[in-house]
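Asker: Mind having a look at this structure? Questions to follow.
Readers should treat all values here as calculations from the given coordinates under stated rules, not as data from a laboratory. Please read all numbers here as calculations on a predicted model, not as lab measurements. Cβ sites come from the backbone with ideal geometry, for glycine too, and all protein chains shown count toward neighbours.
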Amino acid sequence: MAINFLNNIDLNRNQILNIVIQKLSTPPPSPISGQMFFDTTINKLKYYNGSEWIEIYNSDQIINTIASAFIDTNSIDFTYDSANKRIQADVRLKTALGTNEG
């Protein structure tokens with residue numbers, strides 16, 4: 001059973017391991033900007049840009065999509081490991097004006 005979180009989760013610079021994006025055959029109802037899901041009918045990752053669902057189909061587009069989800073951050077650095085097909089993100093979140101965590 002899934003755990004419902006009613007607030008943001010601060011991972012304190014820890015990794016998310018073995019993550020799986022939500023798998024659906026149709027887009028989720030009432031999406032919000034930055035939401036993502038894996039479309040099982042076409043086997044592609046999609047994200048919602050605020051007005052429509054966009055297919056993500058290459059590493060540059062994936063990096064840009066994830067970066068756009070962190071618009072309110074002070075900084076974000078991405079590293080793509082093509083040999084292992086992994087993206088690592090170092091994010092410093094803005095918690096209050098002029099302060100950082102992460």
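Asker: For an R0 of 25 angstrom, estimate the FRET efficiency from the Cβ-Cβ distance between Arg86 and Asn8 and round to the nearest 0.05.
Answerer: That pair, Arg86 with Asn8, gives E of 0.60.
Asker: For a quick protection proxy, order the peptides 19-27, 41-49, 5-13 by their average other-Cβ count within 10 Å, most packed first.
Answerer: Listed from highest to lowest mean packing, they are 41-49, 19-27, 5-13.
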